[in-house]
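None of the figures in this text is laboratory data; all of them are computed from the coordinates on show. Note that the structure is a prediction, hence the values are computed from the model and not measured. So basically every Cβ, Gly included, is an ideal-geometry build from the backbone, and we count neighbours across all protein chains shown.
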Amino acid sequence: MKDSLKRIVGRLKKFGWAILIICLAMPIIGWFMPIGNNNGQSEYSSEAIIKLGNYENSYLTNADQLVSLLSNETSFKNILPDVWEEGITEELTVSVTPSKLVVLNITGNDEQSVDKLSEIENAIMKLDKSAYEEKSEIIESSIQALEAANASSDAIVDQERFLYELKTEKLGLEPAMLIKEAYLKGQIKEASVKDRVVLGALLGILASVLILITPEFIRAHSK
């Protein structure tokens, strides 16, 4: 034990300059590390999930197309002008699951991020409702027109076929469904500058101690 202490002290004298540099450098590195914000604020993440409808719309029933439009500032403003605000696409993340569900996620500095996501979610559902009802009304009008028409004996078969196709299409129509309303998914605590400096100092001390004592453990196990 006494010999080990002597070797550790000798190692400290020999590598003292390197240990000092490590202890000073680690807090400085911690200070400059660009991790999140620098004020120790919390960030809140909120999420909503939508299952798109089935009624043949160029983007409201096409998950990949909708994601592309909502990820672009200009196209977002065009399709959702009521909830658009500058920089919204920098806060909003839109993705598609393998099962074609659209996942909306917003990260902000306060719990109001949930309210903002709710507004976007509601705007999408409102737009979908309007498009779905319009498509449904068009098909219903076509059905009524065909049923009211007096088809000749030669055209009666075609009329029945068209009616069947339209009624089948109408039965297959589906509006979008809100699988999960906007909710607070989690709170992310960002490390402040002070926290990172303290962590850097602790890591520097730990590294220095390991430099001094690790050879003793290796020596003990090699005997």
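Contact order for segment 67-194, expressed relative to its length and based on alpha carbon pairs under 8 Å spaced 6+ residues apart, stands at 21 percent.
Under the classification rounded if a/c is under 1.5, otherwise prolate if a/b is larger than b/c and oblate if not, where does segment 42-189 fall, given a ≥ b ≥ c as square roots of the Cα gyration tensor eigenvalues? Because a/c hits 1.5 or more and a/b exceeds b/c, segment 42-189 counts as prolate.
Going from the fewest other Cβ atoms within 10 Å to the most, the residues Met26, Met125 appear in the order Met125, Met26. Close amide H contacts of Tyr44 (hydrogens built in the peptide plane, cut-off under 5 Å, sequence separation of 5 or more or a different chain): Gly108, Asn109, Asp110, Ile188. Under the simplified labelling scheme, the Ile21-Leu146 pair shows an inter-label distance of 8.4 nm, with each label point 7 Å from Cα along Cα→Cβ. Extension gain for Leu184 to Tyr164 (0.36 nm times residue separation, less C-alpha to C-alpha distance): 2.6 nm.
Extension gain for Asp154-Leu203 works out to 8.7 nm (0.36 nm per residue, less the C-alpha to C-alpha distance).
Projecting label points 7 angstrom from Cα along Cα→Cβ for Glu134 and Asn54 puts them 2.2 nm apart.
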